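Since the structure comes first, as structure tokens, the remarks are kept for the end.
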Amino acid sequence: MTRQSPKVGVYGFTGCAGDQLMILNCEDQLVDLFGATEIRSFLMAKSDNHEGELDVAFVEGSISTDHQEKKLKDIRARSKVLIAIGGCACVGGPQAMMVGDGKWEERFKKVYGNAKITVAKPNEAKPIDAIVKVDIYIPGCPIDKSEFLNAVSKLVAGKHPYLYQFPVCNECRWKENPCILYAGKFCGGPLTKAGCGAICPTLGLPCVGCWGPTDDLNVTSEYQLLKEKGYDPDEVMKKLRKFGGAKLAELVKDIEKKGAKA
Amino acid sequence: MMILKMKKEDLSTFLDAVKEWGELWGPTKKDGKVSFSKVDSLSQMDLKATRTIIPPKKFLYPPRFTMFDFDENGYVERTGDVPKRILFGIHPCDIHGVVIMDKLFLETYNDPYYRERREKTLLLGHSCIPDEKCMCIATDTDFIAEGFDLFFTDLKMSYLVWVGSTKGHDLIRMKPELFSRALDKSDILNYTAYRKWKNTQYKTMVDFTGMPDIFELGYSSQVWDKLGDKCLSCGQCSMVCPTCNCYNVVDDVELGSIEGTRDRFWDSCMFREYSLVAGGHNFREKRADRLRLWYTHKLQAYIGEFGKPACVGCGRCVATCPVDINVVTVADALKEQEVGK
């Protein structure tokens, strides 16, 4: 059975480009990847790029300017399936850790002073689903090679990719690690999507949340727990927000309203 | 069932001898991790370790494994690559857990993957000393009469060895000179004394009698909402529970082909995705509903169907849940109508 190779585009916005690099880092499978798909546009990988109709667009990075916003809308308009790759595209990334606090302009001024920005109009960093509809999210900072390749293989075969929706704790128990949070230490595992194989807790380090928030997290309970364990509430909030982006910012609004120190 | 006697110092020789049958696995402790690991000899095991983080279900039903390979012509089962294993040092609660798994995976529905692993795994139980989290006395799982191949009760100077199966007897016959059938009055007295002493060692006092009624009465209790507010939905309770058996199934395909594998991995009803169905409807959207399902299943529904709880009192949920939701606190909360701190 043969299928027509899907037309694919890979794009990057505000971020470290680490997710695109991770695609190129799939060295053993790269020939297969370029063979099974027709890569129409991938600026980091090749110079001969064509912008047109796409079956699948992979988009990395958050949206931080009006110019990017326009470009993203254009990609969406010509793609059948749009996939957010990496924490910045999925939730906004570390650059969105303080999103919505009303102090973005103040911070912008602190960094850029009165410099006139002419290339584009800068905005507070947003995840791409704040602008366009996203069909599939591949989280990670950076993404995991095998999660990415599994998803691509499924798409090429005409199937819907499956990515773990449950938290890191599940994979962490599969690895038979003792629970860090149970021991009274900070760990972002219960709030964070699995898929990383619980690398950090397996090495005895707490989960920092780089896979981004799960769809079903109880941040209020974890926050309360850490406060009871004697952690400084402000420190806890910083840790929770590091990779949580816009999504976590929305969830912690209530906690912050009640006053972190309360 | 036959009971034999063996000198304590002969255990090492016996385990060295039975390795001929298959890989030897036992409880080990390394960097705070207590788990069943592959070992060369008794000296590498820690028989004092009370509970492993993950129960022995991992051998019969691994956290994630491939069931079969498929292509456009059909599928080929991945059988035959499971090694023969001898698990030494399994405690009564965990053997009770396996007995429950056997009911679920081998009786009404025969699961070929479970069956293959079960048949290739010998369970050599060992008596234990309860710690502050053990509550097998409340679930009537502190002693075991079935499900094992051999069971070793440590009576200080000697072992009393229960022979639970013909496979277990085959192991005995590999070193028959180490075992004696000559049991005397002192063995009976020592064993009775051991049982009495074990009964006095429990520190977690919990009463599960009447649980089905209490669950029925408390079905709409606000206690569930309070527990739901605390629950992190991390699913750890399911992973560490010897009787949690739910799984998800997923296909992986090779890049550029339709050949692939079908995998199975441990799932939990504590996850939102578990009760999500096509069209986006979720039967248990609320965390409180998911918690109630989990505990109702363990302490009410299972009793109704099998006459005993699906809790074996191992204390793993007590030793794992970061927000202190476990069979003890939930049973207490329902009875007292108040969630403890």
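What follows is calculated from the coordinates using simple rules that are stated; it is not laboratory data. Keep in mind the model is a prediction, meaning the values are calculated, not measured. Cβ: placed from backbone, ideal geometry, glycine included. Neighbour counts: every protein chain shown.
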Cα lying deepest toward the dipole's positive end in the protein assembly as shown, options B:V206, B:A288, A:Y112, charges on Cβ: A:Y112
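Sum -39500 (n - 2.57) across every DSSP H segment of at least 4 residues in the protein assembly as shown, then divide by the residue count to get the 222 nm mean residue ellipticity, nearest 500. Walk me through the intermediate numbers first.
Numbers: 23 runs with 197 residues, N = 603.
Calculated from helices alone, the mean residue ellipticity at 222 nm is -9000 deg cm²/dmol.
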18 Å tail of the calculated P(r), the stretch A:99-147, as % of Cα pairs: 55 percent
Net charge over other residues, Cβ less than 12 angstrom from the Cβ of B:M211 (K, R count +1; D, E count -1): -1
Pair B:K29, A:W104: separation of 7 Å Cα→Cβ label points (nm): 5.3 nm
Inter-chain shielding of B:267-274 (mean C-beta neighbours from other protein chains, 10 Å cut-off): 4
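Please give the net charge around A:A120, taking every other residue with its beta carbon less than 11 angstrom from that of A:A120, where Lys and Arg add +1 and Asp and Glu add -1.
Working: positive: A:K70, A:K71, A:K121; negative: A:D66, A:E69.
Around A:A120, the surrounding residues sum to +1.
Evaluate E = 1/(1 + (r/R0)^6) for B:F68 and B:K103, where r is the Cβ-Cβ distance and R0 equals 22 Å; express this FRET efficiency to the nearest 0.05. Write down the numbers at each step before the final one.
On the way: r = 25 Å, r/R0 = 1.13.
Approximately 0.35, to the nearest 0.05.
Mind checking the mean number of beta-carbon atoms from other chains within 10 Å of the Cβ atoms in B:44-54?
Numbers: counts 0, 0, 0, 0, 0, 0, 0, 0, 1, 6, 5.
So the per-residue partner count for this stretch is 1.
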Number of partner chain Cβ atoms within 10 Å, mean per residue of A:153-164: 4
Given charges at beta-carbon only (K, R positive; D, E negative), |dipole| of the protein assembly as shown in Debye: 1360 debye
Selected from A:V219, A:G188, A:T202, residue furthest toward positive end of dipole (the stretch A:168-257; charges at beta carbon): A:T202
Hits among lysines - C-alpha to C-alpha of A:K126 under 16 Å, sequence gap 8 or more where chains match: A:K70, A:K71, A:K73, A:K103, A:K242, A:K247
Of the chymotrypsin sites (Phe, Trp or Tyr not before Pro) in the stretch B:183-234, those whose Cβ has at most 12 other Cβ within 10 Å and which sit in DSSP loop: B:Y219
Neighbourhood net charge (12 Å Cβ-Cβ; Lys/Arg +1, Asp/Glu -1) for A:S79: +2
Listed residues B:Y113, B:Y75, B:Y295, most fluctuating in chain B (Gaussian network, C-alpha, under 10 Å): B:Y75
FRET efficiency for B:L217 and B:T79, using Cβ-Cβ distance with R0 set to 41 Å, rounded to 0.05: 0.30
Reachable lysines, given that their alpha-carbon falls under 18 Å from the alpha-carbon of B:K33 and they are not under 8 places away in the same chain: A:K175, A:K185, B:K48, B:K57, B:K58, B:K133
20 Å-binned pair-distance histogram of the protein assembly as shown (Cα, whole percent): 18, 45, 29, 8, 1
Choice from B:L276, B:L255, B:L124 showing the highest fluctuation, given a GNM over chain B with Cα pairs closer than 10 Å: B:L255
Pairwise label distance in nanometres, B:K167 with B:D140, each label 7 Å out on the Cα-Cβ vector: 2.7 nm
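Based on Cα coordinates alone, diagonalise the gyration tensor for the stretch A:168-257, multiply each eigenvalue by 5, take square roots, and list the semi-axes in whole Å, largest first. Display every interim value, and only then the final one.
Working: eigenvalues 86, 46, 19 Å².
Square roots of five times the eigenvalues give 21, 15, 10 Å.
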Calculated P(r) tail over 32 Å for chain B, as whole % of Cα pairs: 36 percent
Debye intensity ratio I(q)/I(0), log10, the stretch A:71-225, q values 0.12, 0.13, 0.17, 0.19 Å⁻¹ (C-alpha model): -0.65, -0.74, -1.07, -1.20
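Please state the charge dipole magnitude for the stretch A:7-156, taken about the Cα centre, from unit charges on C-beta atoms (+1 on K and R, -1 on D and E), reported in debye and rounded to the nearest 20. Mind dumping the intermediate values first?
Values: 19 positive and 21 negative charges, 126 e Å.
Dipole about the Cα centre, nearest 20: 600 debye.
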Full-extension gain in nm, B:D154 to B:K308, via 0.36 nm per residue minus C-alpha separation: 52.7 nm
Among A:G87, A:M98, A:S47 - extreme Cα towards positive end, dipole of the stretch A:27-103, charges at beta-carbon: A:M98
Euclidean distance of C-alpha centroids, the stretch B:66-126 and the stretch A:98-165, integer Å: 43 Å
GNM top mover of A:L251, A:L217, A:L203 - chain A, alpha-carbon springs below 10 Å: A:L203
Percent RCO, i.e. relative contact order, over chain A, from Cα pairs under 8 Å lying at least 6 residues apart: 19 percent
Net lengthening on full extension, B:Q337/B:W21 (0.36 nm per residue, minus Cα-Cα): 108.5 nm
